Amino acid sequence: MSGYDEVESMPRDVSVARAIMWVQAGLGVIALLFLIIFLSEVPAEADLGPTGLLLFLPTTVTTVLLAVLASAVRSRRKWVRITALVVQGLGLLGPLITTASGESVTVFNLLGMLLPLVVIWMLARSASAEWFNR
């Protein structure tokens, strides 16, 4: 009997959460491209100073972190699930604050709330927890 017979397949919930994290990372890359375009349009006289870095830093860190977590899901390590739950929970803060502050709700706000909620829901389910706990 080979070890391949004993390999447990990834539960659907985990697979969906992983796919959404890849989508989120892709959206992060698109957001970074828009930031680059936006900053290239700013006149040289309007020196942004550290503000330019502050615009890039959270998006870059989040995008890289989501890609690392999505690729690490197959490792079945407990820290991957816990970190993904924390990152997704923190990711909800921005859209929730924007919506609560009375700004108009956009498709981006809705996606910013919906995608993390789905990932949290999928990873919090018992089948996901069991799979990561081996």
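Once the Cα atoms are used to define both axes, helix 50-72 deviates from the longest principal axis of the chain by about 10 degrees. Axis angle, to the nearest 10 degrees, between helix 107-124 and the longest C-alpha principal axis of the chain: 20 degrees. Highest mean packing first, where packing is the average number of other Cβ atoms within 10 Å per residue, the peptides 88-99, 17-28 line up as 17-28, 88-99.
Legend: ranking of residues M10, M122 from fewest to most surrounding C-beta atoms inside 10 Å; resulting order M10, M122. For L93 and L53, the difference between the fully extended length at 0.36 nm per residue and the C-alpha to C-alpha distance is 12.3 nm.
Axis angle, to the nearest 10 degrees, between helix 78-100 and the longest C-alpha principal axis of the chain: 40 degrees.
Every number here is computed from the coordinates shown, using simple stated rules; none is lab data. Computed from a predicted model, the values in this text were never measured in an experiment. Cβ: placed from backbone, ideal geometry, glycine included. Neighbour counts: every protein chain shown.
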